[in-house]
Amino acid sequence: MPTDFFDTVNALVQEELSLYKSLDALVDNEEARVRDSDMEGLLEVLRQKQSIISRQESLLEKWNNLSSDLGISDGREGPVFWNALAARVGEKGCSQVVTHINEIRELGQKLLDREGEIRAALEGNLAEMRETLLKMGRNRIAMRGYSQGMATF
């Protein structure tokens, strides 16, 4: 197994896994902010998530460069990539990479599922907040009407 190439691939996988774990921690924080109706805190978490997503996009470019190094134009999602990788690093090396990629995919799916749940909770909170604001508005109108009625006595 050519170690330089395998080390490069392994470093990409480890970096990607680290980014997903960072996102996982931020999603925990995001969930708490939504639960607490902390919109300012939520915005900060979303900014932090965007920073990680930008780093993931940069990492995707590295994967694309790796595909070019393998002599293929497809990304890592197709079988051509995995066949070329196995030919370059051997079955054992490729198997190690695939194991980590599967872990990343599972974590990514878990994050997507949790994001959906958080989005639904946020939408519920927004509906509740709108209702509260409407009630406050109606109460103000009622108070004005009551106050004006008291002024005529």
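The values are calculated or read from the model by the stated rules, or taken from the named source; none is laboratory data. Here the structure is a predicted model, which is why all the values come from computation and not from measurement. Heads up, the Cβs are rebuilt from the backbone with ideal geometry, glycines too, and the neighbour counts pull from every protein chain shown.
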Some residue of the range 98-105 being modelled with pLDDT of 95 or more, exposed (fewer than 12 other Cβ atoms within 10 Å of the Cβ) and among the hydroxyl-bearing types (Ser, Thr, Tyr): yes
So, Val13, is that one modelled with pLDDT of 90 or more and over 12 Å from the mean Cα position of the chain (by Cα) or not? yes
Output the residue which, of all residues in the range 109-135 that are touching a helix residue (DSSP H, G or I) at 6+ places or on another chain (Cβ under 8 Å) and hydrophobic (A, V, I, L, M, F, W, C), is modelled with the lowest pLDDT. Leu122
Could you list, in sequence order, the residues of the range 69-90 that are in contact (Cβ under 8 Å) with a residue 40 or more places away in the chain and under 29 Å from the mean Cα position of the chain (by Cα)? Asp69, Leu85
Going by the conditions given, is Leu46 at pLDDT 95 or above and touching a helix residue (DSSP H, G or I) at 6+ places or on another chain (Cβ under 8 Å)? no
Just give me the residues in the range 1-53 being among the polar types (S, T, N, Q), surrounded by fewer than 13 Cβ atoms within 10 Å (Cβ to Cβ) and either touching a Pro at 6+ places or on another chain (Cβ under 9 Å) or touching a residue at least 12 places away in the same chain (Cβ under 8 Å) (or both), in sequence order. Gln14
Could you check, for the range 75-82, whether at least one of its residues is crowded, with 17+ Cβ neighbours inside 10 Å and not in a helix (DSSP H, G or I)? yes
